[in-house]
1. Sort out which residues of segment 22-46 are surrounded by 13 or more Cβ atoms within 10 Å (Cβ to Cβ) and in contact (Cβ under 8 Å) with a residue 60 or more places away in the chain, and write them in order of number.
2. In segment 351-377, what count of residues is obtained for those that are crowded, with 20+ Cβ neighbours inside 10 Å and either without any contact (Cβ under 8 Å) to a residue 60 or more places away in the chain or within 16 Å of the chain's Cα centre (by Cα) (or both)?
3. Since Gly441 meets every condition but one in (1) at pLDDT 80 or above; (2) surrounded by 17 or more Cβ atoms within 10 Å (Cβ to Cβ); (3) more than 30 Å from Ala486 (Cα to Cα); (4) of a type outside the set (Asp, Glu), which condition does it not meet?
4. Restricting attention to segment 332-350, and to residues there that are among the polar types (S, T, N, Q) and surrounded by 16 or more Cβ atoms within 10 Å (Cβ to Cβ), which single residue is farthest from Thr102 (Cα to Cα)?
5. Could you grab me the full set of residues in segment 553-566 that are under 26 Å from the mean Cα position of the chain (by Cα) and assigned to a loop (DSSP other than H, G, I, E, B)?
6. Of the conditions (1) modelled with pLDDT of 80 or more; (2) surrounded by fewer than 21 Cβ atoms within 10 Å (Cβ to Cβ); (3) acidic (Asp, Glu), Asp167 satisfies every one except a single condition; which number is it?
7. Just checking, does segment 306-325 include any residue being at pLDDT 90 or above and within 30 Å of Pro58 (Cβ to Cβ)?
Amino acid sequence: MSLLSLSPELVVHILSYLAYTDLHACRRVNHALDRLIQSSILLQYTMQLQLSGYEDNPSSPMAIVDKLRLLKQQESAWSRLDFQPPKSVRIPFIPSSIYDLTDGILLLGEHVCGLQSGADKIRWARLSALASGDTFVEHWEKIDVGAHIIDVGLAVQEHDLIVVATDRETDDHQTIFELRLIQLSTGISHPLASTPVLTLATIPSPPNQVTGQCSVCIEIIGDLLCFMFHYPSGSTTPPAMFEVYNWKTGQCLQLRGIDCPSYSTFTFLAPDIIALPNCTDNAIELCRIDAEPGTSGQPLELQTSCVLQLPRLGSGHSIAQVTCRSEPKVTNVTRYARAFRSRDPFHLNPENAIVIFNVMTHDAHGFHECLTLIVHTASLLAVLAAKQSPTPVPELPALGKPFVFGLASLPLPLPLGDDPRSVPWNQWGPWCCRWLETSFGASRWITTTCGQRYVTVEEDPIEDDARSSTIVVYDFNPHTVRRLAAAHRKKRRRLRGYWDVTLPEGELAVGSGGGGEVATLARLEGGVLIPFTDPRTRVIGQIQCEPTELMAGYAMEYRIFDEAVRTCLPYAQLSSFETFGYGAVLLDRNMIIGVKLNDSDDIKELVIHAIGAGAVG
């Protein structure tokens, strides 16, 4: 019995489990399969999800045909920065420096006069409510923690959970660090936490001048809760600590006491793997998290599985701090908290997400610089897999050759060197990363990435007024880059009087059509940057598919790194035509949030730019 002897409905169901590249290969088998795939709304939706970096939400009641239409409209709007009318949000309380943004929830700390430069209350609101209605105080739910808040971590859709890190000083001048596990929707202790308040450590109280310099990072995936804090060197012993808990049982599973202030942040790449930037060693450590304690029931020591070296620092340069983020996170959870169960037709696929590393450096002369390193989480996991693979791996292509689209196909060499865990920068970074020069003001905010997009503001060096920054969106989806490159290259060819050419065998087609499609090549022969503008939104865009050199305009003695750093992760960059008075922009799902600051650099006002859903252009 052949495949096509089955009923069309059964064939479509079977094909719906295939990857986009396999479906595209099936279309070339014969005309019958081509017609079946082209006429099936389910298969068209499946392919569009994969190309756009989304996954279906089975909880959504929307019909598949409407999901497909909405997805195409949404991606078209992103490619033009076609926003709905902006919505200003005045903050009806005094916000502190504590904030978080995830899963459609915006959270801010509420500053309390008389409290030691912090907050003891949490305010949160749904972005959808802020964007659609009047910004009354009723939109902001309040949680009274009753203790000085250092920082927070959220697992909204997974567990309806907020983890609040607090500290309190005792009469004998000791500082007690605690984690409070609270149900976000109710503001009370989380019902699944057997120990709602976890006591982490008791240390001598630090001097007043370093009290506000404590850095905290909290992330939750599944039953795992990871917590890190550190003070400046010399203020406590140790100045940093990393601990892993099962938040439901309260049991400590892993820990690492750190005797130097090398670590200040981490992020999950997979449910059991974290990326841990090491400022002192100029590297990114990849560590595996164990879900069970040791055989004796005692916590295990966190071990490093792989060390990814960054480029060599120049003489007198050092890394002061690194912050990092990837959103959304890959999780093994299949059921979500009822209070925050999403009805959206589709969600971003966390397996395609990028991770950003904001690297703050300083030199011997007191000058500071900020750089951002961007890489797909799947690429880092591929490096880890290649590091642990006993079989040889093919050599990387020359850096000048076209980038191979598709993360799983990225070839990686076996790591060499004295440390068997270490992978030099030139063996992993240039082919899957992109370095960007960023500003300190924009890098202060870490919730600037979601899926494969990264947002920032770019100040206009000519204008001096307050409304002089543009919204800049970087899109690292390889399929989007290919599609935009092909579309704008086709437009340029037509303007020059060229005919379209048939796509060669083996190239992914851009767009859909019957039989032998006619499309333009996405590969840029001898090309570097493709600039373009949108006639309606007047967005200014450029597509970069070639390697670029970091700080190319600087003489080598003024560069941060002691070597020429070239990276070639392709991206599309879109800059708004309109300028705004934003100190930073944040990103969550399909909303960009402009942040207006007061003279003290505290949040004064937020402006929500929701992506439009106009007709597909």
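1. If the condition is that a residue be surrounded by 13 or more Cβ atoms within 10 Å (Cβ to Cβ) and in contact (Cβ under 8 Å) with a residue 60 or more places away in the chain, then His24, Asp34, Arg35, Gln38, Gln44 are the ones that fit.
2. 15
3. Condition not satisfied by Gly441: (1).
4. To start, the set of residues in segment 332-350 that are among the polar types (S, T, N, Q) comprises 332, 334, 342, 349.
Pick out the ones that are also surrounded by 16 or more Cβ atoms within 10 Å (Cβ to Cβ) and you get 342, 349.
Working: Ser342: 13, Asn349: 15 Å.
Among residues in segment 332-350 that are among the polar types (S, T, N, Q) and surrounded by 16 or more Cβ atoms within 10 Å (Cβ to Cβ), the one farthest from Thr102 (Cα to Cα) is Asn349.
5. Here is the first cut: in segment 553-566, the ones under 26 Å from the mean Cα position of the chain (by Cα) are 560-561, 565-566.
Correct list: Ile560, Val565.
6. If we test Asp167 against (1) modelled with pLDDT of 80 or more; (2) surrounded by fewer than 21 Cβ atoms within 10 Å (Cβ to Cβ); (3) acidic (Asp, Glu), just (2) comes out false.
7. yes
One line per residue, one yes/no per condition, for (1) of a type in the set (Ser, Thr, Tyr); (2) farther than 26 Å from Glu75 by Cβ:
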| site | (1), (2) |
| --- | --- |
| Pro535 | no, no |
| Gln542 | no, no |
| Cys545 | no, no |
| Leu550 | no, yes |
| Tyr554 | yes, yes |
| Phe561 | no, yes |
| Thr567 | yes, no |
| Ala572 | no, no |
| Phe577 | no, no |
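The values are calculated or read from the model by the stated rules, or taken from the named source; none is laboratory data. Computed from a prediction, not measured in an experiment: that's the story for all the values here. So basically every Cβ, Gly included, is an ideal-geometry build from the backbone, and we count neighbours across all protein chains shown.
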